[in-house]
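What follows is a set of notes on a single structure, which appears directly below.
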Amino acid sequence: MAKLSPDEIVQLFLAVAALLAMGRTLGELVRKLGQPSVLGEMLAGIVLGPTVLGALAPDAMHYLFPAAGNVPIALDALTTVAISLFLLVAGMEVDLSTMFRQGRVAIGVGFGSTLLPFALGFVVFYFGAANGQSDQSSTLIFALFMATALSISALPVIAKTLLDLGMYRSDIGMLIVAVAIFNDLVGWIVFALVLSLMGGGHGHRFEVGETVLLTLGFAAAMLTLGRWLINAVLPWLQAHLSWPGGVLGFALTITLAGAAFTEWIGVHAIFGAFLVGVALGDSQHLRERTRTTIDQFVSFVFAPLFFASIGLRVNFVADFDWVLVTVVFLIACAGKIIGSGVAARLFGMPARQSWAVGFGLNARGAMEIILGLLALQAGLIDNRMFVALVVMALGTSMLAGPVMQRLLQRKKSRRFTALVGAGSFVPELRATDRFKAILELVPVSGAKGVDLAKVADAVIERERLIPTGLGNGIALPHARIKGLASPQIAMGISKQGIDFDSPDGEPAHIICVILTPEDDQNTALELYRDILSTFKDKAFREKTLQVKNYTELLALLASVTANHPGEATIAPPAPAG
């Protein structure tokens, strides 16, 4: 029986460690810069692959990622499992009820955002304007693939963009999400059919017609009977099995079974994983904590491994074709933005909102990259076209948020976590009364270009006028300061508590001094709501009191900042002025 030799096991472990370490590092870096983490994970593969490491130290690259032997097979198997699990998480994001609640508008915009880019992509690539398929792939199947690739959206990227803009729960946000769900469902079903037309690249176990019928039948069964069965079984699992291991094991088991079935019928395994994710995520009995556990388990381990491995497959410098990249990018943007925008306008949406819907749905992200990779592996496209699709996917994802922000004239919601640094956090306040606490915090606030003594006087004067103790152990003294260039926050923890004259009579343990420019009337209120929403849970507030330094505070806050669309549970008083 063939097996990995000791040297090959060493190579495999080093390869996985390198991909995971570089993928997580660069993913976190670009996320802090406001971009999707998939961009950093892709860059990791580009750095470790033929584009950078292969050019600088080819021997090191070939040792880590050999082209022949058992290691490439083992690594390919691992990344196949990784992408199948990632599609489980992507499927769990699909909330069918959201699509149904938006009614005819979502369906109408969904058709517009799908049909126009599909038709435009099919016509252009069928007639060979930028035909990059390999010789063995037919023009028809190539054109169908490109049409599908240009019509699909990226629900995870779209959801994150809306959260960052504070629009996720708005009417336009829910419409964009519903249409993205429609795009994902239609796009993946059509792509599965395209794979079946070419035998999925796996041989011909069934005739094409049989594979198409099996694909549609499996999709229909999972979205009806499968959803019902999973919803019925989950309460029993959660009642009798340990958490989260029981439900996590069940989720991975049915995901791998669904993936195996679609692979067996001649369609890629990820289609089965995606449909299982839709059925699982739609269950009303799936706890949010379980959903988050599955998401983090996959997104922080398996997803970086897969996306980093993509950069190993092609040389992004040698295979970069400016003409092809430009054509693909322009066709993708034109079809999706015009199709979505015009459809939204026809359903009565204002012009700015209609075009914002178009740009929001234009984000392709990880889904486009996955489609491109499968087509590359199946021999449907060449390296140049794959690079063009990757550039288009990343470019449209980066473009969506800023353009929507400008069209809707919305400012990105301010987070207090972005304004608290190591120097402006005091883990143990010495002060025993509210005015001394203000005097202790103002000097570390980071305010520049202003007299700190006068700043402290302004905050104290505001505090004397209206006490800023809000109850639940939180106090937010603040003032608008003339000459202050940007908002600043100093945060302090008082374990014994300080009397800030709170409505509930309880002492304040978490005190944040908020300083904003004199002409800024909105930022203080945004920061109020964000702080109150972050610390609304009593158990979380108690954990905050135990932190000993800024690093521990960051680690604690990271558990809530990833999913933070919630509203404050306490109504803050109006900021000064």
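So for each of 372-383, 259-270 I average, over its residues, the number of other beta carbons within 10 Å; can you give me the resulting order with the highest mean first? Each step should come with its number before you reach the end.
On the way: 372-383: 21.3, 259-270: 22.8.
Averaged packing, sorted descending, gives the order 259-270, 372-383.
Given H placed 1.01 Å from N in the peptide plane, which residues other than close sequence neighbours of residue 206 have an amide H under 5 Å from its amide H?
none
Mind ordering 60-66, 530-536 by average Cβ neighbours within 10 Å, highest first?
On the way: 60-66: 17.4, 530-536: 21.1.
By packing density, highest mean first, the sequence is 530-536, 60-66.
Given contacts defined as C-alpha pairs under 8 Å and at least six residues apart, what's the relative contact order of the range 416-561, whole-number percent?
Values: 258 pairs, mean separation 38.6, N = 146.
With pairs under 8 Å counted, the relative contact order is 26 percent.
Nearest 0.05, what FRET efficiency do residue 409 and residue 60 give at R0 = 51 Å with Cβ-Cβ as r?
Numbers: r = 50 Å, r/R0 = 0.99.
Result of the calculation: an efficiency of 0.50.
What's the extension gain from residue 318 to residue 216 if we count 0.36 nm per residue and subtract their Cα-Cα distance? Before the final figure, lay out each step's value.
Numbers: separation 102, 0.36 × 102 = 36.72 nm, distance 3.97 nm.
Result for the pair: 32.7 nm of gain on full extension.
Working from Cα positions, state the angle (0 to 90°, nearest 10) between the long axis of helix 6-32 and the longest principal axis of the chain.
Long axis of 6-32 versus the principal axis of the chain: about 50 degrees.
What residue among 494, 531, 453 has its Cα farthest toward the positive end of the dipole of the range 416-561, where the charges are +1 on Lys, Arg and -1 on Asp, Glu, each on the Cβ?
In the range 416-561, that residue is 494.
Quick one: Cα centre-to-centre distance for the range 297-344 and the range 494-557, in angstrom?
Here the answer is 41 Å between Cα centres.
Using θ = phi - 60° and the Karplus curve 6.51 cos²θ - 1.76 cosθ + 1.60, what whole-Hz ³J(HN,Hα) does each residue of the range 141-147 get, with Gly and Pro shown as x?
5, 4, 5, 5, 5, 4, 4
If I take every Cα pair under 8 Å that is 6 or more residues apart in the chain, average their sequence separation and divide by the length, what percent do I get for the relative contact order? Intermediate values should be presented prior to the final figure.
Details: 963 pairs, mean separation 92.4, N = 577.
Dividing the mean separation by the residue count of the chain yields 16 percent.
About the Cα centre of the range 70-407, what is the dipole size in debye to 20, counting +1 per Lys and Arg Cβ and -1 per Asp and Glu Cβ, all else neutral? Intermediate values should be presented prior to the final figure.
Working: 16 positive and 17 negative charges, 171 e Å.
The dipole magnitude comes to about 820 debye.
Against the empirical 2.2 N^0.38 Å scaling, what ratio does the C-alpha Rg of the range 416-561 come to? Display every interim value, and only then the final one.
Numbers: Rg = 13.9 Å, N = 146, 2.2 N^0.38 = 14.6 Å.
Scaled against compact globular proteins, the figure is 0.95.
For residue 296 and residue 257 in the same chain, what is the full-extension length gain: residue separation times 0.36 nm, less their Cα-Cα distance, in nm? Let's see the in-between values first.
On the way: separation 39, 0.36 × 39 = 14.04 nm, distance 2.14 nm.
Length difference between fully extended and current span is 11.9 nm.
How do 521-528, 72-79 rank on mean C-beta neighbours within 10 Å, highest first? Let's see the in-between values first.
Values: 521-528: 19.2, 72-79: 15.6.
The densest-packed peptide leads the list: 521-528, 72-79.
Between residue 207 and residue 126, what FRET efficiency follows from the Cβ-Cβ distance if R0 is 22 Å, with the result rounded to 0.05? Mind dumping the intermediate values first?
On the way: r = 25 Å, r/R0 = 1.12.
Approximately 0.35, to the nearest 0.05.
State, to one decimal in nm², a quarter of the convex hull surface area for the C-alpha atoms of the chain, i.e. the direction-averaged projected area.
Details: hull surface 120.5 nm².
Result: a mean projected hull area of 30.1 nm².
Starting from the amide H of residue 481, placed 1.01 Å from N in the peptide plane, find each other amide H under 5 Å away whose residue is 5 or more places distant or on another chain.
Amide H to amide H, under 5 Å and 5 or more residues apart or across chains, residue 481 pairs with 516, 518.
Can you give the helix-only mean residue ellipticity at 222 nm for the chain, where every DSSP H stretch with n ≥ 4 adds -39500 (n - 2.57) and the sum goes over all residues, rounded to the nearest 500 deg cm²/dmol? Spell out each step's value before the answer.
Details: 24 runs with 360 residues, N = 577.
Computed ellipticity for the chain at 222 nm equals -20500 deg cm²/dmol.
With both bridge residues required to lie in the chain, what share of the DSSP beta bridges run antiparallel, to the nearest 5%? Write down the numbers at each step before the final one.
Numbers: 9 of 17 bridges.
Bridges in the chain that DSSP calls antiparallel: roughly 55 percent.
Quick one: angle between helix 96-126 and the longest Cα principal axis of the chain, in degrees between 0 and 90, rounded to 10, please.
Value to nearest ten degrees: 50.
Give me the angle, in degrees from 0 to 90, between the Cα long axis of helix 245-264 and the longest principal axis of the Cα atoms of the chain, rounded to the nearest 10.
30 degrees
Would you grab the residues whose amide H sits under 5 Å from the one on residue 470? Only those 5+ places off in sequence or on another chain, please, with H modelled 1.01 Å from N.
Under 5 Å from the amide H of residue 470 lie the amide H atoms of 475, 476, each far enough along the sequence or on another chain.
I need to check one value: relative contact order of the range 70-407, counting alpha carbon pairs closer than 8 Å and at least 6 residues apart, in percent.
Details: 510 pairs, mean separation 101.6, N = 338.
Relative contact order, the range 70-407: 30 percent.
Return the sequence-ordered ³J(HN,Hα) values of the range 464-481 in whole Hz as given by the Karplus equation 6.51 cos²θ - 1.76 cosθ + 1.60 applied to θ = phi - 60°, using x for Gly and Pro.
Each residue's phi maps through the Karplus curve to give 5, 5, 9, x, 10, x, 9, x, 6, x, 10, 9, 10, x, 7, 6, 8, 10 Hz.
Starting from the Kirkwood radius over alpha-carbon pairs of the range 70-407, derive D by Stokes-Einstein at 25 °C in a medium of 0.890 mPa s and give it in µm² s⁻¹. Mind dumping the intermediate values first?
Details: Rh = 20.2 Å.
The calculation lands on 122 µm²/s.
Taken together, the values in this text are just the output of simple stated rules run on the coordinates, not laboratory data. Just so it is clear, the model here is predicted, and its values are computed rather than measured. Positions of Cβ are generated from backbone atoms using ideal geometry, with glycine treated the same way; all protein chains shown enter the neighbour counts.
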